[in-house]
Structure formats: C-alpha cells, structure tokens
1. So, in segment 88-107, how many residues would count as being open to solvent by 30 Å² or more (accessible area, probe 1.4 Å), closer than 25 Å to R146 by Cβ and either modelled with pLDDT of 90 or more or more than 18 Å from the chain's Cα centre (by Cα) (or both)?
2. When the residues of segment 70-84 are narrowed to those that are in contact with an Asp or Glu (Cβ under 7 Å, 6 or more places away or on another chain) and outside any loop (DSSP other than H, G, I, E, B), which ends up surrounded by the fewest Cβ atoms within 10 Å (Cβ to Cβ)?
3. In this structure, is V67 open to solvent by less than 50 Å² (accessible area, probe 1.4 Å) and either free of Cβ contacts under 8 Å to residues at least 60 places away in the same chain or not hydrophobic (A, V, I, L, M, F, W, C) (or both)?
4. Inside segment 34-64, can you point out the residues that are open to solvent by 40 Å² or more (accessible area, probe 1.4 Å), outside any loop (DSSP other than H, G, I, E, B) and at pLDDT below 75?
5. Among L138, L163, which is under 16 Å from Q90 (Cα atoms) and either at pLDDT 85 or above or not in a strand (DSSP E or B) (or both)?
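The values are calculated or read from the model by the stated rules, or taken from the named source; none is laboratory data. Treat the numbers as computed from the prediction; the structure is a model and nothing was measured. Neighbour counts run over all protein chains shown; Cβ positions are idealised from the backbone, glycine included. Just so you know, the surface numbers come from the protein's heavy atoms only, side chains and all, with ligands and any DNA or RNA stripped out. Shrake-Rupley method; radii C 1.70, N 1.55, O 1.52, S 1.80 Å.
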Amino acid sequence: MFGPLFGFQGADPVLGLLSFVFLVALGVDYGIFLMHRMREEAIRGAEPVAAALTALRTTARAGGAKVDLSVEAAAGIPAAVGAAAYRIVQEALTNAVRHGGRADLTVRVGVHERDGALRVDVTDDGAGTGDGTPGFGLVGMRERVRSVGGTLDAGPLDELDELGERAGFAVTAVLPLRARGEEEAR
C-alpha cells in the first residue's frame, strides 16, 4: 500500500509503512523545532520594533505596494509583544500584496503604544481580487495575539472603490504590554 507511494515498487508493504511512519515522525520533529525557534525569537526580541517594521515596509514595497508606516512605541516593549506585533504586520502586509488585486495598492501600518497596550493597525485599499488561495494567515495572527493576551479584529472595510465596489481590508490588534496578573503582583 505505502511501498509504491515512496518509490518502493514491489517492495514489502511493511517497509513502505515504516518509511511513511519515519517521514511523519520527521515532519513532527521539524514542526516542534520550528515552534521552539519562534518561541526563542520572541523571548530574545532580536530587533527593536521600529527597525524590524521598517524592514518589512521595504520588503512590501518591493512586492509593489505603497506602504505608509507610523511607529510610536517606547524601546522597552516586552519581547513577546514586539515579536507578535512584527508577525501580525508581516502577515497583514503579505495578505494585502497577495490578495489586494491592485497595481497601485496602498497599505497603512500604524503601531502605537497607548494606555498600557501596543495597538497594531494595518489597512489596505485592495480590491480583494488577488490570489484567493486560503492560507493560515489570520489563524496565525489570532494565535499570536492570544499568546500575549490581546485581541484581534480583521475583516473587509465598508469603503467603496471608484467602481462602487467594496474595497479594502483592516487588521487591528491590541497587545497588552503587561501580562495578566502582573499588575496585581506589584
């Protein structure tokens, strides 16, 4: 059954099954490795938020989008919050370029520290007619936000384009700068 799948024509089915189990185990190990790397990256907070977001803007511009970036955040943002903000902006920019469907796409990115939280706003004026292949972008954003105790709103805007059709997409995340219960401990 599994033998032909892995190129073992006429091979013992047990060998094919063992090969399949080995490949699955290898994939699981690699997934665990990637999760640990992402966690370590979040803990280290390798780059300040503003510098990392500026690099993302440059990458999105290379993809054809006009990106307006505004960052107002102190240097002492917790590493996990900074990493979450970075990944949210990264995914939102990727989605805008991928699904925007416009040659003149404009994306506005704002990351601002207010009232004990880091607010991330990403809006675009895309037509939503680009590559419609669904992915895990919004699911990943929700998990990142949840991991730091924040909230996420994402969806199409109610604005109309020049043809009178609905245009644009918005992502808003609010990431608390202090972990739950941290304030009570002080």
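1. Total satisfying the criteria: 2.
2. E72
3. yes
4. Selection gives L34, M35, H36, R37, M38, R39, E40, E41, I43, R44.
5. So the residue among L138, L163 that is under 16 Å from Q90 (Cα atoms) and either at pLDDT 85 or above or not in a strand (DSSP E or B) (or both) is L138.
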